[in-house]
Amino acid sequence: MQNNNLFDSPVAQTTASHADGRRVEPPKIFNLDFNGRYGRLNYVRAYCLVGLASFLAMAVSVLLGPVGSLLAFAFGLFIIVLNVRAGILRLHDMNKSGWLMLLLLVPLVNFIFLLVLLFAPGTQGNNKYGTQTVPSSAVCAVVLVIRVVMRIGMRSYMMSQKEPYMMQGYY
């Protein structure tokens, strides 16, 4: 895009695209493909949507009783894999290996590492893990607010219960 008027503001390319002009969409959230890249907003969006899905699965498991606890366990394993996948794709955006996700197993380092995943910028343009993807929209921020409100509500509900076993584990 070349602008011949000297008084117009410059126009930048706002969407990522292939050389032939096709847009590069981020990988799907509920998918087990570990190839591709997630930018910061796409990572937050994936984290929030997986969290909302786990909240709904927990609510369904409470309604189903013992059968629901087995389903919740199986779904919990799937949620862990999806969260690890989102972290790996975020590392790919920073041109780093997905094996760095093992840092989440180290106490205190895991907190700093999560902050790096949230706030460190990705590489601009192409890197060895693929083409830069289109960033998420403002829906990501709305989903994050809903997730935080649900987390606070769940914690306050658990704290209001009289049985002490209800307060173990779900915050």
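The values are calculated or read from the model by the stated rules, or taken from the named source; none is laboratory data. Source: prediction; values computed, not measured. Positions of Cβ are backbone-derived with ideal geometry, glycine not excepted, and every protein chain shown enters the neighbour counts. For the accessible areas, the whole protein counts, side chains as well, though only heavy atoms, and no ligand, DNA or RNA atoms are used. Shrake-Rupley method; radii C 1.70, N 1.55, O 1.52, S 1.80 Å.
Data table
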| item | result |
| --- | --- |
| Which numbered condition Val62 misses (of (1) more than 30 Å from Met101 (Cα to Cα); (2) part of a loop (DSSP other than H, G, I, E, B); (3) at pLDDT 55 or above) | (2) |
| Residue match in the range 49-58 (condition: in a loop (DSSP other than H, G, I, E, B), within 27 Å of Ile152 (Cβ to Cβ) and without any contact (Cβ under 8 Å) to a residue 40 or more places away in the chain) | no |
| Condition met for Tyr38 (under 14 Å from the mean Cα position of the chain (by Cα) and open to solvent by 40 Å² or more (accessible area, probe 1.4 Å)) | no |
| Residue satisfying condition, being modelled with pLDDT of 80 or more, in contact with a Ser or Thr (Cβ under 7 Å, 6 or more places away or on another chain) and at negative phi, within set Gly87, Gly39 | Gly39 |
| Filtered residues of the range 89-138 (kept if out of contact with any helix residue (DSSP H, G or I) (no Cβ under 8 Å at 6 or more places or on another chain), open to solvent by 80 Å² or more (accessible area, probe 1.4 Å) and in a helix (DSSP H, G or I)) | Trp99, Leu102, Leu105, Phe111, Ile112 |
